[in-house]
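The values are calculated or read from the model by the stated rules, or taken from the named source; none is laboratory data. Treat the numbers as computed from the prediction; the structure is a model and nothing was measured. For neighbour counting, all protein chains shown are included, and Cβ atoms are generated from backbone atoms with ideal geometry for every residue, glycine included. Protein only, heavy atoms only, side chains kept; ligands, DNA and RNA dropped before computing areas. Shrake-Rupley method; radii C 1.70, N 1.55, O 1.52, S 1.80 Å.
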Amino acid sequence: MSWGLDFISEEDFINHVKDTIDKYGEKLESFDLERFNKNLIDPVKLIFDKTVYQTSWEEIIGNEIFRQRDKSNNNNIGYFHQRIFKYMKNCHVPDNGTEGGWDVIFHVPSGIALPEGDIVHTIYVEMKNKHNTMNSSAAGKTYIKMQSQLLDDDDCACFLVEAIAMKSQNEVWATKVDGKNVSHRRIRRVSLDQFYALVTGEEDAFYKMCMVLPDVIKKVVDDGGKDIKIPDDSVLRELHFIANKIDGGNKDMAMALSVYLLGFSSYIGFSDVASRVIDNSDKATLQRIYDYVKKMVRT
């Protein structure tokens with residue numbers, strides 16, 4: 001089967017996907033109870049979510065683990081969107097924090113035509129995963145940075161490129177700085193598909209990339225074999241183990257209590273439950289769980 005992308009080689013694209021998966025790193029490590037509760041779970045929210053959405057303990061715990069992994073993985077996808085341009089003609093991706101902190105610099109000696117008719121030779125890019133990831137303060141700082149770049153170089157434009165934009169767009173970025181409405185025709189808000197089109201000269205370049213991506217990811221994962229970690233999350237087993245040590249015939253309530261202990265083990269009433277779990281423990285079994293429960297009680 002022939003390679004379908006003209007703007008990046010198959011080898012470079014496969015290597016970039018490999019690098020992105022490698023960035024997942026510790027996010028693919030298995031979750032035990034201690035890691036699951038590293039930043040303190042809100043047990044009340046977990047109980048509400050389980051009951052209101054009518055899910056099982058397995059589903060709600062699995063969803064929370066996925067949420068924690070997904071929160072970290074957003075940075076890895078940002079790496080994918082940014083670093084792919086180092087393989088594309090006329091694009092340069094500076095090391096983090098260098099060259100003004102720009103994510104991508106696009107330079108074409110023959111010139112780049114902007115929608116309003118201006119011709120520039122360099123575009124400096126600030127890239128965001130989603131259109132709503134900047135608050136007003138961050139947006140103001142980014143805009144001021146772009147204004148400063150235009151003062152230093154009158155042969156350039158500055159783009160805020162959004163992977164997940166509200167729509168396909170390449171338009172003047174109108175925002176507020178210190179409460180004042182500001183805009184400049186060379187400071188632009190651009191969706192990722194439009195930036196791909198500008199860089200590659202192919203209107204549907206981003207679409208084409210997305211179409212080959214699933215097969216390449218699968219190939220990399222399948223070829224990775226032992227190098228790709230398969231998580232074996234033990235959180236649910238450990239919660240069940242604690243629940244079994246709690247007195248009472250209501251298994252669902254025992255599980256709820258084991259979840260409550262994640263946040264409230266030193267609280268009045270709950271500390272007694274935690275102490276009973278420790279007192280009823282078989283010290284030869286899952287010692288790590290008991291050590292963690294003891295630590296929660298002392299915290």
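The table below gives the values:
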| quantity | calculated |
| --- | --- |
| Spans of helices (runs of 4 or more DSSP H) in segment 136-240 with at least 2 residues at pLDDT below 95, loosely packed, with under 15 Cβ neighbours inside 10 Å and not acidic (Asp, Glu) | 136-152, 205-224 |
| Inter-residue pairs, beta-carbon under 7 Å, first hydroxyl-bearing (Ser, Thr, Tyr) and in segment 84-113, second open to solvent by less than 60 Å² (accessible area, probe 1.4 Å) and not in a helix (DSSP H, G or I), 6+ apart | Tyr87/Ile8 |
| Set Ile14, Ile105, Ile77: member being under 28 Å from Tyr207 (Cα atoms), part of a helix (DSSP H, G or I), among the aliphatic types (A, V, I, L, M) and touching a strand residue (DSSP E or B) at 6+ places or on another chain (Cβ under 9 Å) | Ile77 |
| Lys167 being closer than 21 Å to His16 by Cβ and in contact (Cβ under 8 Å) with a residue 24 or more places away in the chain | no |
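Rundown of residues vs (1) under 23 Å from Met209 (Cβ atoms); (2) touching a residue at least 60 places away in the same chain (Cβ under 8 Å); (3) crowded, with 18+ Cβ neighbours inside 10 Å, yes/no style:
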| site | (1), (2), (3) |
| --- | --- |
| Phe13 | yes, yes, yes |
| Glu29 | no, yes, no |
| Leu33 | no, yes, yes |
| Asp42 | no, yes, no |
